[in-house]
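Here the structure comes first, spelled out in structure tokens, and everything after it is commentary.
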There are 2 protein chains.
Amino acid sequence: MRHHSPSTTNRQRAPSKRAVQTKTRIFDAAEQLFAERNFEGASLRDIAAKADVPVALVSFHGGSKNALFHAVVERRADALSKLRLKRLTDLKTSGKPVTARNILECTLLPHLEKVIEDGPQWLAYVRLIAMVSADPRWHDISKACFDPTAAHFIDELSKIYPETDKTAIATSYVFSVSAMLSLCTSTWRISALSNDTSKADLAGMSANLIDFCAAGMHSVLRPK
Amino acid sequence: MRHHSPSTTNRQRAPSKRAVQTKTRIFDAAEQLFAERNFEGASLRDIAAKADVPVALVSFHGGSKNALFHAVVERRADALSKLRLKRLTDLKTSGKPVTARNILECTLLPHLEKVIEDGPQWLAYVRLIAMVSADPRWHDISKACFDPTAAHFIDELSKIYPETDKTAIATSYVFSVSAMLSLCTSTWRISALSNDTSKADLAGMSANLIDFCAAGMHSVLRPK
DNA sequence: GTCTATATGTAGATAGAC
DNA sequence: GTCTATCTACATATAGAC
């Protein structure tokens, strides 16, 4: 059973407030530990300890370890897709020209803004996505959670560059997303390589990200 | 003890040919399994089975699991750095203009060419590096194995863009490396998103990679 | 919904024969 | 250098009291 829900299939009552809080604490702890230590590196005991609940409660709210992992990834995927697609709709109804740069902003900025606003949970989620994307064992989650929206954005790009083949478009889309993820997972490296001891300025760097990807994409996609 | 070597600290004889082959089989198996399943996901028993040796031999040649992991990452890091730096030296003595694009080729192409020539082992190594770069637990390996060479390339870029601050240079360097890694770890995704059922053409895609990164870098680094 | 207790498997590491 | 056998610890999962 891939999707676990507590108790039986037909739930009788809405869960109590306390139960919801407990479940949230468990999912938040799982999100952080999976992101830090990968799937096998984070034990259910570690997760329970971080959430300050007994181990059995983790299984109760999350089901098997595998189901818990899936649920944790899926938890924010929906919200993220909605934010991206809404931004795209807003762009198209705004009357502004629909350029590759504007589309990139719709794809890349929502997650970055969540990291900047909400702090550690969404940063952990970036790490988790980076992990899921790179690990062949989780390709099915990746496909289910992110490919539909990605396909939508790639279609938009095809309209702007109708002569360009889809593989080139998909390639530069993947480059852009990976650059966004690395901006969050590798700030430590950027600081080390630039001898910059000050706290990383994500907001400032996201301007660089958009410049980099927009120029890169334009170079790859424009008719030669 | 971080670095393990078989037998005592003062080795008496060179290892036999068979012993070297055994050790290579173990390291190759470890490289593939660590790349596929991460550190905790690959057990010493799995590695031993893949290398077709008894478990105790893995400990004998690799030391503790942690030491084995370090050794597997370090094994190819040296060769890779040498290839990159040699290519840079060749460029500078060739009389050709030293551009950001040329420097990027020195950084990104050696590993890609190894993947194309040598096949699965170097592809596994790409995955391993992607994993090590993203996982906070392995930052020290990353720093030791790759930062010195990275710093060298960033210095070269500073010479071309003397007005640009180092953080911007380091940022676009990190974007470029992550795009290279994602080209190898996410071919499956590129194929899925472009409905391209044919076998991935890494060589063709690396032209796109260089175009993307060179244009992106130029856009971020040129004086405004 | 929450928690204690436990069943069952498999992990990393090493001792010691060859 | 190689291999068998085993020690000890910790993993996931669940049964059953509250």
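A short reminder: the numbers here are calculations on the coordinates, not readings from a lab. Remember, it's a predicted structure, so these values are computed and weren't measured experimentally. No Cβ is skipped: glycine too gets one built from the backbone with ideal geometry, and neighbour counts run over all protein chains shown.
Label-to-label distance, A:His152 versus B:Ala151, with points set 7 angstrom from Cα along the beta-carbon direction: 4.6 nm. Normalised size of the protein assembly as shown, defined as Cα radius of gyration per 2.2 N^0.38 Å with N residues, equals 1.03.
Of all aspartates and glutamates in the structure, the ones whose alpha carbon falls short of 16 Å from that of B:Lys96, not counting any fewer than 8 places away in one chain, are B:Glu105, B:Glu156. Inter-chain neighbour count for A:126-139: the average number of beta-carbon atoms from partner chains within 10 Å of each residue's beta-carbon is 4. Remark: for residue pairs A:Lys65/A:Lys166; B:Lys166/B:Lys199; A:Lys159/B:Lys159; B:Lys17/B:Lys82, the C-alpha separation exceeds 30 Å in A:Lys65/A:Lys166; B:Lys166/B:Lys199; A:Lys159/B:Lys159.
For B:Ala67, inter-copy separations between label points set 7 Å beyond Cα along the Cβ vector come to 4.3 nm, shortest first. Counting from the shortest, the label point at B:Arg101, 7 Å from Cα toward Cβ, is 2.1 nm from the same position in each remaining copy.
Look at where the Cα atoms of segment B:30-70 and of segment A:115-161 average out, and the two centres are 31 Å apart. Each Lys and Arg contributes +1 and each Asp and Glu -1, all at the Cβ; summed about the Cα centre of segment B:76-221, the dipole is approximately 180 debye. Return one number: the angle in degrees, 0 to 90 and rounded to the nearest 10, between the long axis of the Cα atoms of helix B:139-160 and the longest principal axis of the Cα atoms of chain B. The angle comes out at about 20 degrees. Computed from Cα positions, the angle between helix A:120-134 and the longest principal axis of chain A comes to roughly 70 degrees. Label point of A:Lys50 (7 Å along Cα→beta-carbon): distances to the other copies' equivalent points are 2.6 nm, sorted ascending. Report D for chain A in µm² per second (integer): Stokes-Einstein, Kirkwood Rh on Cα pairs, 37 °C, 0.692 mPa s. The Stokes-Einstein estimate is 171 µm²/s.
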